[in-house]
Number of protein chains: 2
Amino acid sequence: MMGKDTRFAGGAVSEDALLRRLATKLGGKERIGATGVRLGIGDDAALWGARPGFETILTCDWFLEGTHFLREKHPADAVGWKCLARAISDIAAMGGTPRCFLLSLALPESHAGSWLEGFLKGLRRASHRFRCPAAGGDTTRQEKILINVTAIGEVKAGYAVRRSGAKKGDFIYVSGRLGEAVLGLRELRGAKNLVRTAGACLRKHLYPEPRLALGRWLASKRLATAMMDLSDGLSSDLPRLCAASGVGARIKEALLPMARVQETKSFHEAERLHAALDGGDDYELLFTVSPKKAHLLQPRIAGLRVTRIGTITTKREIVLVRKVGREEHLRAGGWDPFRP
Amino acid sequence: MMGKDTRFAGGAVSEDALLRRLATKLGGKERIGATGVRLGIGDDAALWGARPGFETILTCDWFLEGTHFLREKHPADAVGWKCLARAISDIAAMGGTPRCFLLSLALPESHAGSWLEGFLKGLRRASHRFRCPAAGGDTTRQEKILINVTAIGEVKAGYAVRRSGAKKGDFIYVSGRLGEAVLGLRELRGAKNLVRTAGACLRKHLYPEPRLALGRWLASKRLATAMMDLSDGLSSDLPRLCAASGVGARIKEALLPMARVQETKSFHEAERLHAALDGGDDYELLFTVSPKKAHLLQPRIAGLRVTRIGTITTKREIVLVRKVGREEHLRAGGWDPFRP
């Protein structure tokens, strides 16, 4: 792991120096102990102590220049924040709590200065916010900026919420608003300069918030029968939850919590609907609850809006009931943020 | 994690189909339970149960086309084997046992057929050999083949061997022979075709064996005061162990276990020495033992040759005693396998 190769050797930046910088910025001793990390950055591997009675949650996520972010458009600190936030979103989707992460970073030497500084600033901010310190990682030199984050979390044994538990008649819910992130990306693409302060959509695109408190609450109360995070958009992710559970779904356009009109004046309603169905990167939670327990859900949970959008069915298809009453098969949008 | 994006959508390969293939090849139910994996490939994240009284070892490793392997020269199954073997080598270096791994794979659509088949074959073979099933991962499409492996292991609490425990007077040891892998790479670069059966050097370059049994034995007997794996070559890695321990070292050329002459007829002795000092990728163990306990070491441990090559000193420098008796400061070779 760390300190493992010398592919920066010979250049202006030595890899060992880069690793020391990561260790200083991300893995200070004062931060790692509380989350079970017993040996952080700098050895062959990290050591971490799981708590008795808990299961360990393991997830890894690519975050690649050109695919997941654009070098010239995305501020470095947003890249740092988001690479960790989206890995942690997978932990939220299991109902867990993040404990530490491993960072694999490859970058060109030209980006080992101020870009890296900004990246580490955003990553450190996310690491503080989600109480999830760096335990280790690996670095090397590449022409493109390549990032892979492994997030490690915990959940009380037997309490993790999987994708596979949805049953006929369960109500389908989503947190927050859908489509904001992709509309934020469209704002960013249209902007001439990097925008650091912005509206809700751009903020959500740049600095998504994994829904940890909601996920934990649903898991601890055993309310969600199935759960996942919305990373690729509802039209791609709902079929995955249904396939894992061996069921279908029927959702209503009129119920979808779309981006606020005042935030998205420049977009037509059809664009907002398209974004809500096919836009990725929202990192909201999609979950199902038995109708018998639905009364326990408030419209806001842990400060977050929760909206019922439909019902689980036995027929293995996803039906969208349009506002005019017409029914359609929901097609997976398979939305790719960087496809032209 | 898995099932998270649709960047293969639209092409001949859907990402969901690719994930199902990985799950079938690498994460079958019959394989995962025994190593504590409770939920494998296919959900937002994996679930794993640590054993009480053990610490979790976490490590991640890049394995990138052009940096760590060459698409046209390295057989796909060797890429699969080696990406896991080298991550597991970090677990061996802590004295631990591998339990499961996460695979992050990005590849061009042109390689989603027979190349991927070969890659998965080699990876599956390594996964069986080291009893380390896939618990999850992430896939996407890229022009280059990008691999990142997170390996998860365990060690009895308090028994992990760090880099930082070497003391003045400790003897310095290495396992196996040094320099074989880089000489094997030179054979491969010279070969016109992919060589699937070959001598010890090429085999070691293509299919390295993490020294798990030796690492575990040294840790369980509390014999090693410090340990790490040799991934970048002795001249780069020994200074790292010494820096972590706040000590220096004095090693002797005459003691270095170099590649066998009969295996490396085409190389001069100077080349074999250079390979032993600066060649990376051997994944042998470098460790230190107190002189009081040195009598407990046999020349072969767990079937593997173990050689004393020098002594830890207090002066913070690395001295190489040449055969002719002259003393030199050992310079970090910083060897990069793909630098021209």
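Bear in mind these aren't lab numbers, they're just calculated from the coordinates by the rules spelled out. The structure presented is a predicted model; accordingly, all values stated were derived computationally and were not measured. Counting neighbours? That spans all protein chains shown, and the Cβs are built from the backbone with ideal geometry, glycine included.
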Across the identical copies, how the A:Leu296 labels are spaced - nm, sorted shortest first, 7 Å along Cα→Cβ: 5.3
In degrees, nearest ten, helix B:234-245 long axis to first principal axis of chain B (Cα): 80
Spacing of the two label points (7 Å from each Cα toward its C-beta) at B:Lys156 and B:Ala213, in nm: 1.9
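Count, for each residue of A:75-86, the Cβ atoms from other chains sitting within 10 Å of its Cβ, then give me the mean as a whole number.
Averaged over the peptide's residues, the number is 0.
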The protein assembly as shown - mean residue ellipticity at 222 nm from DSSP helices (-39,500 (n - 2.57) per run, n ≥ 4, rounded to 500): -9000 deg cm²/dmol
Average beta-carbon neighbours from other chains, 10 Å sphere, peptide B:47-56: 6
Of A:Phe63, A:Phe130, A:Phe267, the one that fluctuates the most in a GNM where chain A has Cα springs shorter than 10 Å: A:Phe267
Copies compared at B:Glu328 - label distances in nm, ascending, label defined 7 Å from Cα in the Cβ direction: 7.3
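Which value does Rg/Rh take for region A:257-340 over its C-alpha atoms, Rh per Kirkwood?
With Rh from the inverse mean 1/r over Cα pairs, Rg/Rh is 0.98.
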For B:His128, A:His205, order by how many other beta-carbon atoms lie within 10 Å, fewest first: B:His128, A:His205
Förster radius 35 Å - calculated FRET efficiency between A:Glu143 and B:Ser114, Cβ distance, rounded to 0.05: 0.80
Within region A:38-70: backbone nitrogen closer than 12 Å to the A:Ala198 label point (7 Å, Cα to C-beta): A:70
Tilt relative to chain B, helix B:15-26 - C-alpha long axis, 0 to 90 degrees, to 10: 50
Helix B:269-278 axis, angle to chain B major axis (alpha carbon atoms, nearest 10°): 70
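First check a/c for the protein assembly as shown, with a ≥ b ≥ c the square roots of the eigenvalues of its C-alpha gyration tensor; if it is under 1.5, answer rounded, and if not, answer prolate when a/b is larger than b/c or oblate otherwise.
It comes out prolate by the Cα gyration axes.
Of the cross-linked pairs B:Lys82/B:Lys221; B:Lys292/B:Lys315; B:Lys73/B:Lys144; B:Lys204/B:Lys265, which ones have a Cα-Cα span greater than 19 Å in the structure shown?
B:Lys82/B:Lys221; B:Lys292/B:Lys315
Grab the eigenvalues of the alpha-carbon gyration tensor for chain A, scale each by 5, take roots, and send me the semi-axes largest first in whole angstrom.
36, 25, 15
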Local electrostatic count at B:Phe119 - Lys and Arg +1, Asp and Glu -1, tallied over other residues with Cβ under 13 Å: +4
At 7 Å out from Cα toward Cβ: A:Gly49 inter-copy label distances (nm, ascending): 2.1
Qualifying trypsin sites (Lys or Arg not before Pro) for region B:181-279 [loop in DSSP, other Cβ within 10 Å: at most 15]: B:Lys192, B:Arg196, B:Lys221, B:Arg222, B:Arg260, B:Lys265
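What is the projected area of the convex hull of the Cα atoms of region B:72-211, averaged over all directions, in nm²?
Average projection, Cα convex hull of region B:72-211: 10.3 nm².
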Ranked list, fewest to most other Cβ atoms within 10 Å of each Cβ, for B:Ser236, B:Ser245: B:Ser245, B:Ser236
Ascending count of other beta-carbon atoms within 10 Å, so fewest first, for A:Lys156, B:Lys292, B:Lys168: B:Lys292, B:Lys168, A:Lys156
Exercise: per-residue mean of other protein chain Cβ atoms within 10 Å, B:108-121: 0
Gyration tensor (alpha-carbon) shape descriptor, region B:44-104, a/c threshold 1.5: prolate
Around A:Ala92: net Lys/Arg minus Asp/Glu count, Cβ-Cβ under 11 Å: -2
Along chain B, longest interval not containing exposed GluC sites (Glu not before Pro), exposed being DSSP loop plus at most 14 other Cβ atoms within 10 Å: B:144-316
Under-5 Å amide H pairs with B:Gly248, H placed in peptide plane, nonlocal only: B:Thr313, B:Thr314, B:Lys315, B:Glu317
